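Since the structure comes first, as structure tokens, the remarks are kept for the end.
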């Protein structure tokens, strides 16, 4: 039986993660929702982060897991997890609409277009700052 070792995320990791969530939220144009950032375990298995949303009230929580299995968290990994969870916010409305029983094709098209536009704006913003995509 193999013993699993866990690496704890620290307060410093969380502060960096929280700042990265804010940065990615700005890049992705997520001003239409309030984002709370949390540092706790959730029902996410061995995931490094998680997102829970209340689209009706436009509030989401993005969390950083306290335990990272067999991985020492780096700034690059923390930034990537922050981006990953922010992208879940971007796709949340599309996912919500796709699951609704009484949503028509026009509403799904609108949600898809909004997702594409948000990603388009993010990529063009990044391109402008770096001179390349």
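Tabulated results
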| read-out | value |
| --- | --- |
| Sequence-separation-based contact order of the chain, relative, with Cα cut under 8 Å and 6+ spacing, percent | 28 |
| Fraction of beta bridges assigned by DSSP in region 32-71 that are antiparallel (%, nearest 5) | 50 |
| Mean Cβ count within 10 Å, highest first, over the residues of peptides 108-120, 10-22, 81-93 | 81-93, 10-22, 108-120 |
| Helix 105-130 axis, angle to the chain major axis (alpha carbon atoms, nearest 10°) | 60 |
| Share antiparallel - DSSP beta bridges, the chain, percent rounded to 5 | 60 |
| The chain: angle of helix 11-27 to the longest principal axis, Cα-based, in degrees nearest 10 | 20 |
| Estimated [θ] at 222 nm from DSSP helical runs (n ≥ 4, -39500 (n - 2.57)) normalised by residues in the chain, nearest 500 | -18000 deg cm²/dmol |
| Two-site FRET efficiency, residue 74 against residue 100, from Cβ-Cβ distance with R₀ of 35 Å, rounded to 0.05 | 0.35 |
| Pairwise centroid distance, computed over Cα atoms, of region 10-35 with region 61-133, Å | 12 |
| In nm, spacing of pseudo-spin labels at residue 124 and residue 88 (7 Å Cα→C-beta vector) | 2.9 |
| Cα gyration tensor category, rounded, prolate or oblate, for region 36-133 with a/c compared to 1.5 | oblate |
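Quick note: the coordinates plus some simple rules give every number you see, no bench work behind them. Remember, predicted model here, so these are calculated numbers, not experimental data. For neighbour counting, all protein chains shown are included, and Cβ atoms are generated from backbone atoms with ideal geometry for every residue, glycine included.
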